Amino acid sequence: MVSDSENDKSSLCTCESMGELNQEFCEQGQHPDSLESFGCVSCTTFNILAPIYKRLNGENCESECRELWLSRNQSILDRLLDVKSSIICLQEFWVRNEELVRMYENGLKDAGYVTYRLARTNNRGDGLLTAVHQNNFRVLNYRECQFNDIGDRVAQLLHVELLVSLQNESADIVKGAIVVNTHLIFPHDSSYCFLRLKQVYKILQYIESYCHENHLPPVPIILCGDWNGSKKGNVYKFLRSQGFISSYDTAHCYTDNDENSFKWVSHRNHRGDICGVDFIWLLNPNKGRKPLKESFIEAVLGNIHNLLVKVPTEGVYSPHFLETDGSSYITYSQFSRALTEVGLSGHPQGGLSNEDIKDLWEHIDTNGDGVINLLHFARAWNPWTFLQQIKEDSEENETRIKQMLNKPTSATSIGFNVSKAALFPPEVESGMWPDYYFLSDHALLTVEFSPLQLHNS
């Protein structure tokens with residue numbers, strides 16, 4: 001990886017639009033080891049592979065050998081301190097081991113960070129650690145979110161205030177932001193994909209509730225973590241439908257469907273597969289958003305489609321799991337019963353609730369007559385329609401960004417441009433997992449943001 005000069009970094013931070021900034025970064029093609037720039041802030045997310053999960057020989061775990069786990073985690077900490085990100089989000093942090101906890105917390109504290117850790121429920125042994133550098137952000141509030149579902153997953157929410165000064169900063173600017181650190185459940189089989197979708201829905205609901213209860217103005221939202229799913233999955237499409245952008249893909253000028261956008265990887269899982277699952281998502285407050293429930297319903301329908309449909313020769317999507325006795329219509333009872341039979345509802349933990357099923361039905365049964373034509377049902381969950389809507393929403397949001405940045409009105413809040421993004425080790429950016437890499441079974445992702453003032457539209 002090649003570091004930029006300080007002049008190059010400063011020029012990136014003063015770009016006036018996301019388009020200009022991303023184009024400049026693409027032309028440079030540079031990937032800094034340490035992402036420090038005047039006026040910029042950065043964020044790192046890293047699943048550090050808890051020693052209780054790292055297998056040494058197929059039988060023993062690394063946690064049984066203090067010398068090994070201590071050395072590896074010291075190397076991880078050294079790497080984090082070298083990168084010097086403003087915000088660090090770690091997953092699979094071994095919260096049960098007091099020696100490891102002290103090593104990280106003391107090392108980060110000495111470097112100017114304040115830290116927050118959260119154990120997974122049911123005494124799983126690992127959890128999350130979030131560190132915020134006090135030169136860049138002040139923590140206004142900290143909340144913990146427990147999903148209470150399969151996998152005992154949790155999330156941390158931090159309400160922070162930017163301390164970096166902006167050029168020509170107005171007196172009334174709101175410099176708050178929401179940062180979330182999480183680790184979604186691993187998709188052991190296809191049914192777990194819905195659980196991950198429900199977990200993300202809970203996170204976004206929690207953010208909405210927090211902002212409403214605290215009467216917050218629109219602020220940027222940064223979601224960090226191990227999402228255990230790639231750009232091809234419905235969690236990705238769900239977050240895109242809500243206006244979020246993948247910071248790494250934005251920095252590298254990748255689109256949702258660009259062939260090159262699928263070549264990067266960030267994880268080699270226990271099956272030996274390599275895939276891109278670690279993301280830093282960004283939503284600026286000037287982004288238009290669909291109602292959260294509407295986006296969730298569309299994503300659930302997409303998930304059902306992935307699991308259960310077939311494509312006849314006529315090109316019409318048809319749900320083969322519904323018993324219709326040759327009829328071209330389905331009823332609510334048939335729909336509800338089928339969802340239970342395939343495991344998407346009726347599960348004591350994490351499945352579709354009766355309210356969720358009713359919402360899905362009302363979304364499809366637009367005329368309210370109590371039955372649905374199978375052709376209309378197919379159109380409701382057609383993934384190509386879903387992707388096209390994301391594209392249209394993205395184009396509309398891009399137009400609003402350009403108008404907003406050029407409109408001379410009073411500033412109300414900050415937003416973030418994506419300046420740079422890099423994965424370590426660098427080989428994973430080309431889809432290769434190097435044999436020399438030992439820090440984790442995940443790559444380290446760091447994104448640099450340049451703050452800017454957003455105006456009333």
Counting only other residues whose beta carbon sits under 14 Å from that of Met432, what net charge do I get with K and R as +1, D and E as -1? -2
Need one number: the % of Cα-Cα pairs in region 171-213 sitting beyond the 12 Å mark. 69 percent
For region 127-276, fraction of C-alpha pairs farther apart than 24 Å, in %: 41 percent
Scalar couplings 3J(HN,Hα) for region 69-82 by Karplus 6.51 cos²θ - 1.76 cosθ + 1.60 (θ = phi - 60°), nearest whole Hz, x for Gly and Pro, are 5, 5, 5, 4, 6, 5, 5, 5, 4, 4, 5, 4, 5, 6
Amide H of Phe93 versus every other amide H placed in the peptide plane: which residues, excluding those fewer than 5 positions away on the same chain, fall under 5 Å? Gly127, Leu128, Leu129
For region 198-215 and region 423-457, distance of Cα centres in Å: 26 Å
Pairs Lys84/Lys232; Lys175/Lys287; Lys202/Lys237; Lys84/Lys420: which exceed 20 Å Cα-Cα? Lys84/Lys232
Backbone HN-Hα couplings from phi across region 358-364 [Karplus 6.51/-1.76/1.60, Hz, Gly and Pro as x]: 4, 4, 4, 4, 5, 5, 8
Whole-Hz ³J(HN,Hα) for each residue in region 83-99, computed from phi via Karplus 6.51 cos²θ - 1.76 cosθ + 1.60 with θ = phi - 60°, x for glycine and proline: what do you get? 5, 6, 5, 5, 10, 10, 10, 10, 10, 6, 7, 6, 5, 6, 8, 5, 5
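Quick note: the coordinates plus some simple rules give every number you see, no bench work behind them. In this text the structure is predicted, and so the values were computed from the model without any measurement. Positions of Cβ are generated from backbone atoms using ideal geometry, with glycine treated the same way; all protein chains shown enter the neighbour counts.
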